[in-house]
Amino acid sequence: MKVLGMVLSLVSTSLWAAQTCVSSVVSTTPTARFSANADDTVTDTATGLMWQRCSYGQTFSSASQSCTGTAQQLNWQQALTVAENDEFADFKDWHVPSVKELASIVEHQCVEPAANTSVFTETLDENYWSSTTAIKQIDHAWAYQFADGKNNIKAKTLDVFLRLVRYSK
């Protein structure tokens, strides 16, 4: 029972922890770099990538400037499939970001989450899939963990969060 209480204490602490940012570190995703679009996407003017503002499964509310609904966890193959079939904002060319694309939205100035929360509201302190397969373990793919912004490999059979991207034209 004591162990369960400690686990619940740790879980509840991480659920309500506020984002921490260090002013001595230069922002890697300044808000000015992103252009908010009327279709609840944002375009990164530095990379030319258009991102869905919310995690897959959620909807952005312009009125509250936040994401609503429940973010879905998918295994890697499911993530590739939903990206191929997604027609969010009337675009049909969404994809699971490569590890380099996903790295471009990691905010190294902050943790819990390591994201620009003005642009990507409600980003979870969890792993998000990339489309990049690990070289030595082809049954694993790269992910970014947005609690601290570090990349890691995950078994493709695990359920992980997702944020879709496309090339803006």
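The values are calculated or read from the model by the stated rules, or taken from the named source; none is laboratory data. Just so we're clear, the structure is a prediction, and the values are computed from it rather than from any experiment. All Cβ positions, glycine included, derive from the backbone under ideal geometry; neighbour counts span all protein chains shown. These accessible areas exclude ligands, DNA and RNA; they are computed on the full protein's heavy atoms, side chains included. Shrake-Rupley method; radii C 1.70, N 1.55, O 1.52, S 1.80 Å.
Does Ala115 satisfy the criteria of being over 19 Å from Tyr167 (Cα atoms) and assigned to a loop (DSSP other than H, G, I, E, B)?
yes
Could we say that Cys54 is in a loop (DSSP other than H, G, I, E, B) and either open to solvent by less than 50 Å² (accessible area, probe 1.4 Å) or touching a Pro at 6+ places or on another chain (Cβ under 7 Å) (or both) here?
yes
I need the full set of residues from the range 57-71 which are under 16 Å from Asn127 (Cβ atoms) and crowded, with 16+ Cβ neighbours inside 10 Å, in order please.
Selection gives Ala71 alone.
Being surrounded by fewer than 19 Cβ atoms within 10 Å (Cβ to Cβ), of a type in the set (Asp, Glu), in contact (Cβ under 8 Å) with a residue 24 or more places away in the chain and more than 20 Å from Phe34 (Cβ to Cβ): is that true of Asp125 here?
Taking the combined requirement at face value, the residue satisfies it.
Restricted to the range 82-98, and to residues that are part of a loop (DSSP other than H, G, I, E, B) and free of Cβ contacts under 8 Å to residues at least 12 places away in the same chain, which residue is least open to solvent (accessible area, probe 1.4 Å)?
Glu87
Return a yes/no flag: does the range 62-73 have any residue that is without any contact (Cβ under 8 Å) to a residue 12 or more places away in the chain, more than 13 Å from the chain's Cα centre (by Cα), more than 24 Å from Asp159 (Cβ to Cβ) and not in a strand (DSSP E or B).
yes
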